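Notes follow once the structure below has been shown.
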Amino acid sequence: MTVNPEILTWARSTAGLTADDAARALGFSDTRDRSAAERLMALEAGEEYPSRSVLLRMSKAYRRALLVFYLPEPPRTGDRGQDFRTVPGGTPALYNPLLDALIRDIGGRQTAVGALLEETEPPPVDFIGAASMNDPTEDLANRIGERLQFSLDQFRVQATGRASIRLPSGNNRSRWGLCAASGQSRQPSHEYFRRCLPALHEMAHLWLGATGVSGASIEARIEGYCNDVAGEILPPTAEVRALAHLRKAPLAEVIEAVSTFANARNISRAMVAYKLLRANALCEPTWRQIADHLRQEGITSRRGQEQEGDNGESGGPVITLLSGTGWAMRC
């Protein structure tokens, strides 16, 4: 079978690689007559025909299935869904190679699982799209917690960083290893929290029946709503209001109180500070000072671990920068 040269150019460009970068990734070498990049450009111009071994290397370097290179023309760009990760005023890139490859992989897995489910005829999942952003965040948080059989008390005594939440299925007997942490951690509670909170956020997406690539965007109302729902579970706003007296306290006192409160509940200090901001128990300038303090502390902690020869499994404090309606950036 012949290969349309346009496919080669399309595959490289959508992988975000220049001709020089792609040539190195493919293992091409410079010769007396031409450079590695010139050899690749000759293939893309149709002046030479790529061997199967070259196509296999392109498949790996460009993160494309081998069969794609035998299509008669480049396929149209697939719909990656609404991307909430764009920062305000930013322009989304035409291609995001890693994200697109991940979405293709997930899509393939969903298709396979969907075909299997059609054969087994499982009971319908009744909570998908059962909520709206008109519902109070506390109400939806309670509904999700009840459906997942999430125990706040159990979460707080969790010491190993390993747990599971019941998968909301028809028979409700399967177990979902939602928050399983890998390896050992010097601060397992933070590691456990880091895994549970985004999962609860995504459960809110399911209840809303709204898709999208989760991330930080102060302009995306749905992300802010899902953040608030997850944050209402870990921890409930009613508990955080116990720190309302900190609004006029000195910064050092606020940080100490937030740390004590968070450590006793196995949650992120940044989330506690964010909840105080949302509850109007902290003014924004103080909250930003706390966020900067925690960020710098996290950077110092990681540098210390690197100097100690840390293997990467014992992460320091998980610091989540929270802005407006989002908290998805991890520092």
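Results, tabulated for the structure shown:
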read-out: Answer from R52, R80, R76 - the residue that is among the basic types (K, R), exposed (fewer than 13 other Cβ atoms within 10 Å of the Cβ), modelled with pLDDT under 85 and not assigned by TED's automatic domain parsing to the domain that holds G209; value: R76
read-out: Flag if R32 is surrounded by 13 or more Cβ atoms within 10 Å (Cβ to Cβ), charged (D, E, K, R) and either modelled with pLDDT of 95 or more or not in a helix (DSSP H, G or I) (or both); value: no
read-out: Test for V229: is it modelled with pLDDT of 85 or more, closer than 30 Å to L102 by Cβ and either touching a Gly at 6+ places or on another chain (Cβ under 8 Å) or in the same structural domain as L148 (by TED's automatic domain parsing) (or both); value: yes
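A quick yes/no check of all residues on (1) assigned to a helix (DSSP H, G or I); (2) at pLDDT 75 or above; (3) over 24 Å from G224 (Cα atoms):
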| site | (1), (2), (3) |
| --- | --- |
| L99 | yes, no, no |
| G114 | yes, yes, yes |
| L117 | yes, yes, yes |
| D135 | no, yes, no |
| E138 | yes, yes, no |
| R147 | yes, yes, no |
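The values are calculated or read from the model by the stated rules, or taken from the named source; none is laboratory data. Predicted model only: the values in this text are computed from it and were never measured. For neighbour counting, all protein chains shown are included, and Cβ atoms are generated from backbone atoms with ideal geometry for every residue, glycine included.
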